[in-house]
Structures are given as structure tokens and as C-alpha cells.
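Some notes on the structure that comes next.
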Amino acid sequence: MAVCWRVGLLARTYKQPQQTIRGLMKYMGSKARFAKHILPIILEGRTEEQTYVEPFAGGMNMIDKVEGNRIANDIHTELIEMWKALVCGWQPPLNVTEEQYSQMKADKTGYPIEFLAYVGFNSYGGKWFAGYRRDKQGKRDYWREHYNNIMKQVPSMKGVEFRNCSFTDLEIPPNSIIYCDPPYEGTTQYRTKFDHSLFWD
């Protein structure tokens with residue numbers, strides 16, 4: 001029997017001061033700032049043989065803080081391929097110009113899949129190609145931050161088993177601990193349409 005947690009509602013209602021999160025991939029819907037509160041609850045009583053599974057792993061801002069057997073799944077192929085490439089030693093660029101970004105947004109063919117993900121998610125709100133991030137005052141280098149944040153996560157992602165499929169097709173080991181943080185209903189949509197009724201059923 002699997003132990004399942006859906007704590008997105010807890011994260012949305014828990015009150016704490018706003019703070020800038022460093023060393024984490026910016027990703028829409030991320031629970032990065034709640035991880036230190038959520039994970040002790042989820043992992044309490046976990047045994048050594050239990051696998052920790054995230055069917056909606058996204059920016060990996062929870063699973064990168066978990067040790068032991070881990071499965072990170074996401075339906076976004078480019079995203080998973082980016083993480084696999086990073087763990088295998090791929091070095092992303094330190095900068096992408098607005099012209100390059102616009103070209104990729106208009107025509108995504110011909111680019112390495114991991115590069116598409118790296119560029120596509122460094123957008124407004126961490127949403128797939130939602131607009132080039134720039135600081136009009138010239139005080140922040142968003143590409144350097146993006147690079148530094150992701151690269152800080154890479155060492156803790158070694159040993160993770162990456163999968164790329166719908167949550168309905170994900171094979172989960174018996175007695176796993178499962179953390180589900182699917183897209184919220186009635187909010188900004190992800191690229192892939194999500195069937196909320198199917199998920200709750």
C-alpha cells in the first residue's frame with residue numbers, strides 16, 4: 001500500500017514572511033519555501049527501503065532535499081531531459097539573449113531538448129516561454145541566477161530515477177511514499193491540459 005500526501009493546500013494556507021529563495025529552480029507552483037515544513041511531515045517514519053515518489057516533480061524543489069530511493073516524474077519531456085542531462089554533466093550557458101529567446105519561442109525545432117527546457121523555464125513566473133526575464137534597472141542578472149540556482153541543485157539530484165509520463169501511467173514501487181502536487185484548478189494553466197477529475201478519482 002502506498003502512502004500518499006497532497007499538501008499543496010497546506011502550503012497555500014501556511015503563513016510565513018515572503019523571502020527570496022536562492023539555490024532553487026524557479027518553477028510555477030513551486031513549494032520551495034515550504035519544503036522545510038512539509039518534508040518532515042511526509043517523511044516521518046519512512047523506512048530505508050521505502051521509495052519517495054513525485055508524480056509531478058517539476059522544478060525538483062522538494063525531491064532535491066530527500067535522500068535514499070527517489071523517483072522524479074513529470075509529463076513535460078523537455079524538463080525531465082534537462083534534469084537528466086544536468087546530472088550527466090551538461091553545462092548550460094550563462095546567458096541567452098532576448099533575440100535568441102524570441103527565436104526559440106517562435107520555432108523550437110532544431111534545438112537540443114535540454115537547452116529548450118533551460119531557456120523555456122527561465123521566463124516570467126517560471127512558466128514555459130512566458131516572456132523573457134529582464135531587469136529594467138540593470139541590477140539583476142536573471143540568467144546568472146538561473147544558472148547558479150539550477151547548478152546548486154544538481155549534486156543533490158544524483159541517484160534520482162527520472163521518468164517522463166502521465167501520472168496515470170507511472171509505475172510506483174509497493175509501499176512508496178508519494179508526494180502529489182498537481183496543477184491547481186482554476187489558476188494559471190501549464191502547457192499540458194490537466195484532468196483534475198481523473199486525478200481526484
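The values are calculated or read from the model by the stated rules, or taken from the named source; none is laboratory data. From a predicted model like this one, the values you see are computed outputs, not experimental measurements. A quick note on method: Cβ atoms are made from the backbone with ideal geometry, for glycine too, and the neighbour counts reach across all protein chains shown.
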Evaluation of E44 against (1) modelled with pLDDT of 95 or more; (2) exposed (fewer than 14 other Cβ atoms within 10 Å of the Cβ); (3) under 18 Å from S123 (Cα atoms) (one fails), failing number: (3)
Residue in segment 26-34 that is in contact with a His (Cβ under 8 Å, 6 or more places away or on another chain) and either modelled with pLDDT under 95 or on the phi < 0 side of the Ramachandran plot (or both) present: yes
Number of positions in segment 43-88 that are more than 18 Å from the chain's Cα centre (by Cα) and among the β-branched types (V, I, T): 2
Of residues in segment 114-130 being assigned to a helix (DSSP H, G or I) and not small (G, A, S), the one modelled with the lowest pLDDT: Y124
Cβ pairs under 6 Å, 6+ apart, first in segment 144-162 and free of Cβ contacts under 8 Å to residues at least 24 places away in the same chain and within 25 Å of I172 (Cβ to Cβ), second crowded, with 18+ Cβ neighbours inside 10 Å and of a type in the set (G, A, S): none
Pairs where the first residue, in segment 179-198, is under 26 Å from T51 (Cβ atoms) and at pLDDT 60 or above and the second is among the aliphatic types (A, V, I, L, M) and surrounded by 15 or more Cβ atoms within 10 Å (Cβ to Cβ), C-beta under 7 Å, 6+ apart: Y179/I42; Y179/M62; T192/I75
Cross-chain or 6+ apart pairs with Cβ under 7 Å, segment 78-97 first and on the phi < 0 side of the Ramachandran plot, then in a helix (DSSP H, G or I) and surrounded by fewer than 18 Cβ atoms within 10 Å (Cβ to Cβ): E78/I113; E81/I113; L86/V154; V87/V154; L94/R144
Single residue of segment 64-119 satisfying the filter (among the small types (G, A, S) and touching a helix residue (DSSP H, G or I) at 6+ places or on another chain (Cβ under 7 Å)) that is farthest from G131 (Cα to Cα): A72
